[in-house]
Amino acid sequence: MKAETPKTFDPKIWEQKIYQQWESSGGFKPAIDKKKRPYTIIMPPPNAYDKLHIGHALFVTLEDIMVRYHRLRGEPTLWLPGADHAATASQIFYEKKLRQEGKSRHDLGRERFNDELMQFMLEQRNTMEDQLRRLGASCDWTRKKFTLDEDVSQAVVYTFKKMYNEGLIYRGKRVINWSPKSQTGLSDLEVVHKEVEGELTSIRYPIKGGGEIVVATTRPETMLGDTAVAVHPRDKRYKDIIGKVVVLPLMGREIPVIGDEAVDIKFGTGAVKITPAHDPNDFEMGQRHNLEEVEVIDKNIKITKAGGKYAGMKAAEARDKIIEDLDKLGLIAGRKKFVHSVPHSERTGEPVEQLLSEQWFVKIEPLAKPAIEAVKKGKIKMIPKRFEKVYFNWMENIRDWNISRQLWWGHRIPVYYLESDRSKFAVAFDVQEAEKELGGKVVQDEDTLDTWFSSGLWPFTTLGWPEKTEDFKYFYPTTVMETGHEIIFFWVARMIMLGLYCTGEAPFELVYFNGIVRDKENQKISRSKGNIIDPMEMVEKYGADALRMGMMMGTAAGQDTHVDEDKIRAYRNFANKIWNAARFINIKSPDAKDVTDIKLGAEDKKMLDEFSGVAKDITKLMDKYDIGQAGDKLYQYFWHRFCDECIEEAKLRLEDDKTKDSTGAALNYILKNSLKLLHPFVPFVTEAVWQTLYQEEGLLLTQKWPAS
RNA sequence: GGACAUGUAGCUCAGUUGGUUAGAGCAUUCGGCUUACAUCCGAAAGGUCACAGGUUCGAAUCCUGUCAUGUCCACCA
């Protein structure tokens, strides 16, 4: 560096060039050494069509810091990037796009719809990948994966087949959550409960042989499908009524009064109408008491033929009509406003309908048990640890997993039915295999798999499993899964269960949970709130290093983090500080000797000692995954200790011939090694300085960490 | 209904096993183009450590309770 080198670090000149050097150098690829344990992170794949938002910037920053740190430590380090087909989100997204063009997916047909969407995805994916590059993500692009890659899809079928053969996947009729808008079933996790003000209607059900029993409901129209009335077996009021028969009003059907512990004595009259086809609790009760399931609402939320004279009406219309009719008969015992929680689709926001439907399920208990064990025994650790409790709590109360989705986009369920007899089916890789097995023409199941089914296999399908590839053998189990705590059940739990089931090993050693990004008013960053910070705009304005520092400073695992533009600007200044400290040292001492080749003064030794203490502290913090603290310590040290004090005090000694050389050597040593410590956090500016000063030693990317 | 997290300067956060006058950065104010950097340097101001009890020679730190904020789970006929 010379006095005339620019006074400011200009990210625009450097970033792209440096990234290309890194990538083409092969430095992102792990230096495989069978004697060393690899450090592996499989990237949580962003949606292929996503533009990166600030949440992505956070996870990319954190993972890149981990990966760069371990790479500098000399470990064979793999960060494997990917893209997700994000079944539900993508289909909804693309259908919306079609609608704007005045089309629907049915105009295209399944095949064309999927082809077009695939085309679109692959195009968009380039944008997403470019954005990862701009953030400085040091991942191995030669190993990148897409969740719909041929080999990944094969692995999905393989797993489905194995689970089916071992009795872990079954087809069954259950009450499921049905999203009318997207016309698909949802898992319990895809449903959120919202408080809604509704109406609680009390209805008199006449008892055959005299008397009546009053039940209350928020969904009077479901009474058409009632097949019992339940009371608590120890409820004194109804002691003599259990076993009697009531006549279902409007329908005239005779249904029993049953006793079941699940009934809450204190609620309402203590008697509840049971509709096994439209309520999961009622369904379970129906199973216990062998009740008939009468479906009265269909997938378009209209009353079915079983609904008698109400058939064909929309459920809401039927509700009003039924109340009117009951009222005429004097059977309404009361109506009152009632706030209750109603399940809504997490995706579309609409209320979901609970319907009886035939779906594929994963029997979860045999998978959950070992998954609980793995965490209990410490085979998998979570940071922060408190999420282990959250995990146990959910896993211990887990229910079977509905994996069918009535979507077109995604992994199609690998089940083929014999055309001539649909009760016969085979699980197969393709039509030929199925036809061979069934001995006739076959049709494939129309449904696709829950996107989290294939995502659950991600830590090993990305490495080539079920083939015993070199990568799989070497890198699996992986080291860290870094992701958001909001998907601990959706994803993390499923990866652990499926990982243990498929490979016999826990898929990773450590789960690091990042928090949610909020703005300075503590609001969640979201488009609807209008407070989005576009990471690419920030990179454009302040450089990737500044954005990265802004993302990670003050973060702790599992803790929400705050960003705003001021913060990012402040760290742009930090990048500049590094640049200028280097300029100064190099201008004053362009031919600095190695500290081992020169007699050092007392002040020099003190500076060096202090530096090695800092390097040790940083190392300790990094090993604890206390990344925010490590960043803060470094920032503090480099700027306010090294620059403000060490360099300032050294200025005099640099003017004195007796101390000039040794001081220069010491400053140079600290600068050079600080670049290594700083590199995981601010990779671009440190690399830019390194290449300007120490080019003959190769890229900073793969230097040796200056502490142990 | 249950669980968890957080509450320290205007804002974002440190504060190690309890130990002098509670620390940074950003923002603010003042003074400086001092031979790397004005994307800078120096200085100042700013705190009842959410609140109330308790343990202790000593509490931001440990215990109990309260309040506020946020998150998750369960569920409501």
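Derivation of every value follows stated rules applied to the coordinates shown; laboratory data play no part. Just so it is clear, the model here is predicted, and its values are computed rather than measured. Cβ placement follows ideal geometry from the backbone for every residue including glycine, while neighbour counts extend to all protein chains displayed.
Here the ratio of the Cα radius of gyration of region A:244-366 to 2.2 N^0.38 Å is 1.18. Selection among A:338, A:407, A:294 by position relative to the dipole of chain A gives A:338 as farthest towards the positive end (Cβ unit charges, Cα centre).
What percentages make up the Cα-Cα pair-distance distribution of region A:388-509 when the bins are 5 Å wide from 0? Reading the bins upward from 0: 2, 10, 16, 16, 16, 15, 12, 7, 4, 1, 0. Largest first, the extents of the alpha carbon coordinates of region A:612-679 on the three principal axes equal 44, 18, 17 Å.
The value of relative contact order for region A:606-698, using C-alpha pairs under 8 Å at least six residues apart, is 24 percent. By how many degrees, 0 to 90 and rounded to 10, does the Cα axis of helix A:602-623 deviate from the longest principal axis of chain A? Taking the Cα atoms of chain A, the angle to A:602-623 is about 20 degrees.
Shape of region A:50-182 from its Cα gyration tensor (a ≥ b ≥ c, root eigenvalues): rounded if a/c is under 1.5, otherwise prolate when a/b > b/c, or oblate? It is oblate, given that a/c is not under 1.5 and a/b is not larger than b/c. Separation of region A:182-218 from region A:320-367 is 6 Å, based on Cα centroids.
Residue-wise HN-Hα couplings along region A:78-95, as the Karplus relation 6.51 cos²θ - 1.76 cosθ + 1.60 with θ = phi - 60° gives them from phi, are 10, 10, 9, x, x, 9, 10, 7, 6, 2, 5, 4, 5, 5, 4, 4, 6, 5 Hz; Gly and Pro carry x.
Remark: region A:148-296 carries a charge dipole of roughly 640 debye about the Cα centre, counting +1 on each Lys and Arg Cβ and -1 on each Asp and Glu Cβ. Computed from backbone phi, the HN-Hα couplings of region A:481-492 come to 10, 10, 7, x, 6, 6, 10, 4, 7, 3, 10, 4 Hz, rounded to whole numbers (Karplus: 6.51 cos²θ - 1.76 cosθ + 1.60, θ = phi - 60°; Gly and Pro given as x). Close amide H partners of residue A:199, meaning residues 5 or more places away or on another chain with modelled amide H under 5 Å apart, are A:338.
Answer rounded, prolate or oblate for region A:155-307, using the Cα gyration tensor with square roots of eigenvalues a ≥ b ≥ c: rounded when a/c is under 1.5, else prolate when a/b is larger than b/c, else oblate. Prolate, since a/c reaches 1.5 and a/b exceeds b/c. Counting Lys and Arg as +1 and Asp and Glu as -1 over every other residue whose Cβ lies under 15 Å from the Cβ of residue A:506, the net charge comes to +2.
Under 5 Å between amide hydrogens, built in the peptide plane, is the criterion, and for residue A:184 it picks out A:179 among residues at least 5 positions away or on other chains. Across region A:692-705, computed HN-Hα scalar couplings (Karplus, 6.51 cos²θ - 1.76 cosθ + 1.60, θ = phi - 60°) run 6, 9, 10, 3, 5, 8, x, 6, 5, 2, 10, 6, 9, 4 Hz from first to last residue, x flagging Gly and Pro.
Can you give me the relative contact order of chain A as a percent, contacts being Cα pairs under 8 Å and 6 or more apart?
Values: 1259 pairs, mean separation 117.4, N = 708.
For chain A, the relative contact order is 17 percent.
Each peptide in A:648-657, A:23-32 gets a packing score, the mean of other Cβ atoms within 10 Å over its residues, and the list from highest to lowest is A:23-32, A:648-657.
Mind running the shape call on region A:1-98? Use the C-alpha gyration tensor, a ≥ b ≥ c as the square roots of the eigenvalues: rounded below 1.5 for a/c, prolate if a/b tops b/c, oblate otherwise. Verdict is oblate for region A:1-98. Pairs from the table (A:181/A:328; A:7/A:616; A:376/A:624; A:377/A:633; A:473/A:624) lying more than 24 angstrom apart at Cα are A:181/A:328; A:7/A:616; A:377/A:633; A:473/A:624. A 28 angstrom limit on the alpha carbon distance is what I want to check against. Which of A:97/A:321; A:144/A:567; A:577/A:605; A:29/A:704; A:577/A:660 exceed it? The answer is A:97/A:321; A:144/A:567.
Rounding to the nearest 10 and keeping the result within 0 to 90°, find how far the Cα-based axis of helix A:150-165 lies from the longest principal axis of chain A. On a 0 to 90 degree scale, this one is about 40.
For chain A, with only Lys/Arg (+1) and Asp/Glu (-1) charged at the beta-carbon, what is the dipole magnitude about the Cα centre, in debye rounded to 20? It would help to have the intermediate numbers written out before the result.
On the way: 105 positive and 108 negative charges, 188 e Å.
Around 900 debye, computed over chain A.
Considering region A:537-679 at the alpha-carbon level, its Rg and Dmax are found to be 16.6, 53 Å. The largest-to-smallest principal axis extents of the Cα set in chain A are 115, 59, 53 Å.
Test of understanding: express the Cα radius of gyration of region A:344-383 as a ratio to 2.2 N^0.38 Å, with N the residue count. List each step's numbers first, then the result.
Details: Rg = 16.8 Å, N = 40, 2.2 N^0.38 = 8.9 Å.
In units of the globular-protein estimate, region A:344-383 measures up at 1.88.
In a simple Cβ point-charge model (Lys, Arg +1; Asp, Glu -1; nothing else charged), region A:551-665 has a dipole of about 140 debye relative to its Cα centre. The distance separating the Cα centre of region A:62-125 from that of region A:619-634 comes to 33 Å. The eigenvalues of the Cα gyration tensor, multiplied by 5 and square-rooted, give region A:321-362 an equivalent ellipsoid with semi-axes of 32, 16, 9 Å from largest to smallest. Put the Cα centre of region A:264-309 next to the Cα centre of region A:406-471 and the gap is 33 Å. Around the amide H of residue A:333, modelled in the peptide plane, lie the amide H atoms of A:202, A:203, A:204, all under 5 Å away and 5 or more residues distant in sequence or on another chain.
Between 0 and 90 degrees, the angle of helix A:657-678 with respect to the longest Cα principal axis of chain A falls at about 20 degrees. Between the listed residues A:14, A:680, A:93, the Cα displaced farthest toward the positive end of the dipole of chain A, a dipole computed from Cβ unit charges relative to the Cα centre, is found at A:680. Peptides A:570-578, A:83-91, A:462-470, A:337-345 ordered by packing proxy, namely the average of other Cβ atoms within 10 Å per residue, highest first: A:83-91, A:570-578, A:462-470, A:337-345. For q = 0.13, 0.14, 0.22, 0.29 Å⁻¹, what log10 I(q)/I(0) does region A:113-178 give under the Debye formula with an equal point scatterer on each alpha carbon and no solvent? Log10 I(q)/I(0), no solvent term: -0.66, -0.72, -0.99, -1.19.
Given the -39500 (n - 2.57) contribution per DSSP H run of 4+ residues, what per-residue ellipticity at 222 nm results for chain A, rounded to the nearest 500 deg cm²/dmol?
It lands at -13000 deg cm²/dmol.
Across region A:259-312, the fraction of Cα-Cα pairs farther apart than 17 Å, rounded to a whole number, is 47%.
Of the peptides A:664-676, A:324-336, A:378-390, how do they stack up when ordered by the mean number of other Cβ atoms within 10 Å, highest first?
Put in order of decreasing packing, that is A:664-676, A:378-390, A:324-336.
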